[in-house]
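S.K.: This is the structure I want to talk about, given as structure tokens.
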Amino acid sequence: MNILLVSGPGISLKEPYNSGIEAFIVSFANQLVEEGHAVDVVAEQAEASAGFTLVNPFTAFSSEEPDLSKLLKEKHQFGNLDVNAYDVIHYNMFYPHLLQAGLLFNKPSVLTLHSPADSNRISAYQKLSQQSDVTFVAISERIKQQWDRALDMDMPLINNGIDMDLWPTKSAKNRDYLLWSARINEEKNVAAAISVAKQMKLPLKIAGRIVDQHYFDAQVKPHLDDRIQYVGHLTQRELSSLAQKASAYLATATWQEPFGLAALEMLASGVPVVGFKTAVPPDWQHESVLTTESLQWQDLVELVSKSKAISPGACKGFASSMNIQNMTSNYVKLYREVLLQKEVGEEAISEISI
């Protein structure tokens, strides 16, 4: 197939990634290419080694230019893309003006919902569902339930997947610190992880992009010492290396985490996950995922102690079902179904499919 994956203007697909969505797009695009599909990705930049082709129709704007003017120009620039060669267009980020422009393409379209059903997205996607027959996809049961209610539909569910080769597992020996990795802001709640580490007198490594400098300065920086360490915004390779000696991963987000990609990466690395139920999908029922209904950091202490008995193999085994190959297979199957619904026809499907 010829596939166009759409992220958005100003989006960098270079590491270290700003969020899990960028990691998703890169892994997915590369796997599609690995399986023989032709893939273009709309973004600002990508690694030179990427298997896909970068498409950037957007020009740089002056910082003084009004936001409305930027949106209109971006909509126009995206709408001028030549999409004749693509079989499917797959949107992944919240840019309603690009989706509006894409309605005129008259191409089979898929939109993966990576975010909770907040008021802004609900309003935009309700209009989109009424104006087009774009296929919405949820990344977890939690997200599906929210969006099925918001959009009054029964959308397909395709769990995120990761490249297991990027997250090798080593033995349980020499695992001597706790690990926390996410965007650093209030809702991700690294302060809880710091409190747990201090209470248990265990070292803690903190990794992630600082998106709220005030929160970092107030809640993180005063606690940093030789045991509580901020190690920076890391690439996947760097984070994988850090995971090799982690005894447990602390998932402390207090918002309803849409999927928990970082937690899945740690499980693939053989690291048990300890955290709040808000921080991981509720359907992750497994011995390697220890969670509590409470949002009090004190209630994580006992779970950290229990996690010491969990083997790296058990963690890896649970994560292995959510691999990039399974995810990609499910999306390709969905693409074929969407094309059939568009009356492309079985013969044409056979001609464009790999």
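The values are calculated or read from the model by the stated rules, or taken from the named source; none is laboratory data. The structure presented is a predicted model; accordingly, all values stated were derived computationally and were not measured. All Cβ positions, glycine included, derive from the backbone under ideal geometry; neighbour counts span all protein chains shown. Areas reflect the complete protein model, heavy atoms only, side chains present, ligands, DNA and RNA absent. Shrake-Rupley method; radii C 1.70, N 1.55, O 1.52, S 1.80 Å.
S.K.: For the pairs K14/K107; K198/K308; K75/K144, flag any whose C-alpha to C-alpha distance is greater than 20 Å. Mind showing how you got there, number by number?
M.R.: Details: K14/K107 28 Å; K198/K308 18 Å; K75/K144 28 Å.
Pairs exceeding 20 Å: K14/K107; K75/K144.
S.K.: How large is ³J(HN,Hα) for each residue in the range 203-219, as worked out from phi by the Karplus curve 6.51 cos²θ - 1.76 cosθ + 1.60 (θ = phi - 60°), to whole Hz, x for Gly and Pro?
M.R.: For the range 203-219, the Karplus curve yields x, 9, 9, 10, 10, x, 7, 7, 9, 10, 5, 4, 4, 4, 5, 8, 9 Hz.
S.K.: Right, next: Which value, in debye to the nearest 20, gives the size of the charge dipole of the chain about its Cα centre, when Lys and Arg are +1 and Asp and Glu are -1 at the Cβ?
M.R.: Working: 30 positive and 41 negative charges, 248 e Å.
So the dipole magnitude of the chain works out to roughly 1200 debye.
S.K.: Now for a different question. Under a crude label model (7 Å from the Cα following the beta-carbon direction), how far is E187 from L103 in nanometres?
M.R.: Placing both labels 7 Å beyond Cα along the Cβ direction yields 2.7 nm.
S.K.: If you don't mind, another one. So what is the accessible area of the range 178-322 per residue, in Å², with the probe set to 1.4 Å? Walk me through the numbers on the way to the answer.
M.R.: Details: 5970 Å² over 145 residues.
Result: 41 Å² per residue.
S.K.: Note down the relative contact order for the range 11-124 as a percent, whole number, built from C-alpha pairs under 8 angstrom at least six residues apart.
M.R.: Values: 117 pairs, mean separation 21.3, N = 114.
It comes to 19 percent, rounded to a whole number.
S.K.: Still on this structure: May I ask you to derive the relative contact order of the range 73-205, considering only C-alpha pairs under 8 Å and at least 6 residues apart, and to give it as an integer percent? Each step should come with its number before you reach the end.
M.R.: Details: 137 pairs, mean separation 21.3, N = 133.
Contact order relative to length: 16 percent.
S.K.: Additional query: Please name which of T53, V332, Y215 has its Cα lying farthest along the dipole of the chain towards the positive end, using unit charges on Cβ (Lys, Arg +1; Asp, Glu -1) and the Cα centre as origin.
M.R.: Checking the options against the dipole of the chain, the answer is Y215.
S.K.: Let me ask something additional. Give me the percent relative contact order of the chain, please, defined on Cα pairs under 8 angstrom at least 6 residues apart. All intermediate terms of the calculation are to be shown ahead of the outcome.
M.R.: Details: 651 pairs, mean separation 57.1, N = 354.
Computed value for the chain: 16 percent relative contact order.
S.K.: Just to confirm my numbers, what's the Cα centroid distance between the range 202-242 and the range 108-138 in Å?
M.R.: The range 202-242 and the range 108-138 have Cα centres spaced 34 Å from each other.
S.K.: A further question on this structure: With a 1.4 Å probe and every protein chain left in place, work out the accessible area per residue of the range 1-113 in Å², rounded to a whole number. Mind dumping the intermediate values first?
M.R.: On the way: 4820 Å² over 113 residues.
It amounts to 43 Å² per residue over the range 1-113.
S.K.: Right, something else. Taking 0.36 nm per residue of sequence separation and subtracting the Cα-Cα distance, how much length would be gained by fully extending the chain between D82 and E47, in nm to one decimal?
M.R.: 10.3 nm
S.K.: Just order 185-197, 84-96, 259-271 by mean Cβ neighbour count inside 10 Å, highest at the front, would you? If you can, show how the numbers build up before the last one.
M.R.: Values: 185-197: 22.2, 84-96: 19.5, 259-271: 26.3.
Peptide ranking by packing, descending: 259-271, 185-197, 84-96.
S.K.: Here's another thing I want to ask about it. Of L72, S241, A193, whose Cα points farthest to the positive end of the dipole of the chain (charges on the beta-carbon: +1 Lys, Arg; -1 Asp, Glu; origin at the Cα centre)?
M.R.: The residue sitting farthest along the positive end of the dipole is A193.
S.K.: Run the helix sum for the chain: -39,500 (n - 2.57) per DSSP H stretch of 4+ residues, divided by residue count, reported at 222 nm to the nearest 500 deg cm²/dmol.
M.R.: On the way: 12 runs with 126 residues, N = 354.
It lands at -10500 deg cm²/dmol.
S.K.: Could you go through the range 285-302 in sequence order and give the Karplus-derived ³J(HN,Hα) for each residue, using 6.51 cos²θ - 1.76 cosθ + 1.60 with θ = phi - 60°, rounded to whole Hz, and x for Gly and Pro?
M.R.: 9, 7, 4, 7, 10, 10, 10, 9, 5, 5, 10, 9, 4, 4, 7, 8, 4, 5
S.K.: Using 15 Å as the cut-off for backbone N distance, which residues of the range 136-169 belong to the label zone defined by a point 7 Å from the Cα of T235 along Cα→Cβ?
M.R.: 166-167
S.K.: Using modelled amide H (1.01 Å from N, peptide plane; none on Pro or chain starts), what sits under 5 Å from the amide H of V6, excluding residues fewer than 5 places away?
M.R.: The list, which skips near neighbours in sequence, is V42, H90, Y91, N92.
S.K.: For the ranges 287-296, 108-117, 313-322, what's the packing order if you count other beta-carbon atoms within 10 Å of each residue, average per peptide, and put the highest first?
M.R.: On the way: 287-296: 16.6, 108-117: 21.0, 313-322: 18.1.
Per-residue Cβ counts within 10 Å, averaged per peptide and sorted highest first, yield 108-117, 313-322, 287-296.
S.K.: Hey, another quick one. Mind telling me which of L32, L300, L224 comes out most flexible in a GNM of the chain, alpha-carbon contacts under 10 Å?
M.R.: Checking each option, the largest mean-square fluctuation is seen for L224.
S.K.: Of the heavy-atom accessible surface of the range 124-242 (probe 1.4 angstrom), what whole percent is carbon and sulfur? Present the calculation step by step, with values, prior to reporting the outcome.
M.R.: Numbers: 2620 of 5940 Å².
The value for the range 124-242 is 44 percent carbon and sulfur by accessible area.
S.K.: Shifting gears a bit: Taking a virtual spin label 7 Å from the Cα of K198 along the C-beta vector, which residues in the range 217-238 bring their backbone nitrogen under 15 Å of it?
M.R.: 217-230
S.K.: Run the dipole for the range 209-293 about the Cα centre, Lys and Arg Cβ at +1, Asp and Glu Cβ at -1, nothing else charged, and hand back the magnitude in debye, nearest 20.
M.R.: Working: 6 positive and 10 negative charges, 37 e Å.
I would put it at about 180 debye.
S.K.: Follow-up. Taking mean projected area of the Cα convex hull in nm² straight from the coordinates, which label in (i) 19.5; (ii) 17.4; (iii) 18.2 is the correct one?
M.R.: Matching entry in (i) 19.5; (ii) 17.4; (iii) 18.2: (iii).
S.K.: Still on this model: Just to confirm a number: summing +1 for Lys and Arg and -1 for Asp and Glu over residues other than K245 whose beta-carbon lies under 12 angstrom from that of K245, what do you get? If you can, show how the numbers build up before the last one.
M.R.: On the way: positive: K170, K173, R175, K205; negative: D176.
Taking every Cβ under 12 Å from that of K245, the sum is +3.
S.K.: Say each of D283 and E302 gets a label point 7 Å from the Cα, pointing the same way as Cα to Cβ; how far apart are those two points in nm?
M.R.: My value for the distance between the label points is 2.9 nm.
S.K.: Please work out how much length the chain gains when fully extended from A314 to S119, using 0.36 nm per residue of separation minus the C-alpha to C-alpha distance, in nm with one decimal. All intermediate terms of the calculation are to be shown ahead of the outcome.
M.R.: Numbers: separation 195, 0.36 × 195 = 70.20 nm, distance 3.90 nm.
Gain in length upon complete extension: 66.3 nm.
S.K.: Put +1 on the Cβ of each Lys and Arg and -1 on the Cβ of each Asp and Glu in the range 264-338; which of G275, V301, H286 then has its Cα farthest toward the positive end of the dipole?
M.R.: Result: H286, furthest along the dipole toward the positive end.
S.K.: Once phi is turned into θ = phi - 60°, what whole-Hz ³J(HN,Hα) does the Karplus curve with 6.51, -1.76 and 1.60 give for every residue of the range 228-233, x standing for Gly and Pro?
M.R.: 9, 10, 9, 9, x, 8
S.K.: Could you size up the charge dipole of the range 209-354 around its Cα centre, putting +1 on the beta carbon of Lys and Arg and -1 on that of Asp and Glu, and report it in debye to the nearest 20?
M.R.: Details: 12 positive and 17 negative charges, 94 e Å.
With Lys and Arg at +1 and Asp and Glu at -1, about 460 debye.
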